[in-house]
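Below: the structure, in structure tokens.
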Amino acid sequence: MKTSGNTILLTGGGSGIGRELARRWAEAGNTVIIAGRRLDALEETAQGNPSIHPVQFDASDGAATDAFVTTLLDRFPALNVLVNNAGIMRQEDPRSRRDLSDAEATVTTNLLGPIRLIDALIDYLSAQPDSVIVNVTSGLATVPQPLFATYSATKAALHSYTVSLRNRLKGKVEVIELVPPGVQTDLTPGQATRPGYMPLAEFVDEVISLFAQQPTPSEILVERVKGFRFAERDGTVEEKAEILANMPR
């Protein structure tokens, strides 16, 4: 992936990891379109930076995807990078029958949303030079957090989907997986100040340095996520999942 001169569509750009990546990529000489449900949050991200363009879009709304993409490409015909970052994370208890609306919303936003957006843009990206798809998964793709079972499952599915995309799009579109550890953001209540989570600025600094490597790694893995990413290899999945389930929240 080029470090500058890209036109990047980044979902979930109104807060957290998405907000900080948008700002850093814009500062590096890229045009960044940030998409999300809350226009006020997107406008706050873009404030003072003319290279960041907020666009309202709900990644969970499949019916709106095609119209969004048509309008987007009319405004930004140089688009060459898609970053699927939007996601939701909701605690659940599967030990008895329950309302599945949170689980269904999580699957729709975290898994169907990226698949739909990739599908709507794939023909265009395949014809663009220096085209890239970045899917943001999680260390929980390989070590699930039992209190957030559906979230973890969607990230595992998106990891698998990304591996398949990389194989099928070889030579046409570069496919990169960004795998965060627990990062201090507002993804869940209290997470922005939770001890043991990686400070957001520190995470983004390391991520940007990894994206600058040439060639860009197919998996962007900060040091703090590697214990999770390679837990299956190391035989520590169950042990780590137990620790996560019992962490104070």
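Residues that are without any contact (Cβ under 8 Å) to a residue 12 or more places away in the chain and either buried (at least 22 other Cβ atoms within 10 Å of the Cβ) or outside any loop (DSSP other than H, G, I, E, B) (or both): does the range 128-151 have at least one? Step through it out loud before you land on a result.
If we filter the range 128-151 for residues that are without any contact (Cβ under 8 Å) to a residue 12 or more places away in the chain, which is where we start, we get none.
No: the range 128-151 contains no residue that is without any contact (Cβ under 8 Å) to a residue 12 or more places away in the chain and either buried (at least 22 other Cβ atoms within 10 Å of the Cβ) or outside any loop (DSSP other than H, G, I, E, B) (or both).
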_L165 being modelled with pLDDT of 95 or more and under 14 Å from G87 (Cβ atoms)_ = no
*Residue that is surrounded by the most Cβ atoms within 10 Å (Cβ to Cβ) [pool: residues in the range 91-126 that are under 15 Å from T137 (Cα atoms) and of a type in the set (S, T, Y)]*: T106
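So, in the range 229-249, how many residues would count as being among the polar types (S, T, N, Q) and either on the phi > 0 side of the Ramachandran plot or modelled with pLDDT of 95 or more (or both)?
Initially, the range 229-249 is screened for residues among the polar types (S, T, N, Q), giving 236, 246.
The next check asks that each one be either on the phi > 0 side of the Ramachandran plot or modelled with pLDDT of 95 or more (or both); those that pass are 236.
Residues in the range 229-249 being among the polar types (S, T, N, Q) and either on the phi > 0 side of the Ramachandran plot or modelled with pLDDT of 95 or more (or both): 1 in total.
Test T106 against the stated conditions and say whether it is over 18 Å from Q56 (Cα atoms) and either of a type in the set (D, E) or modelled with pLDDT of 95 or more (or both).
On the way: over 18 Å from Q56 (Cα atoms): yes; either of a type in the set (D, E) or modelled with pLDDT of 95 or more (or both): yes.
Judged against the criteria, T106 is a match.
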*What are the residues in the range 80-118 that are free of Cβ contacts under 8 Å to residues at least 40 places away in the same chain and either among the basic types (K, R) or part of a helix (DSSP H, G or I) (or both), if any?*
R95, R97, R98, S101, E104
*Out of all the residues in the range 158-189, which are in a helix (DSSP H, G or I), surrounded by 18 or more Cβ atoms within 10 Å (Cβ to Cβ) and not hydroxyl-bearing (S, T, Y)?*
L158, H159, L165, R166
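The values are calculated or read from the model by the stated rules, or taken from the named source; none is laboratory data. This is a predicted model, so every value here is computed, not measured. We place every Cβ from the backbone using ideal geometry, glycine too, and count neighbours over all the protein chains shown.
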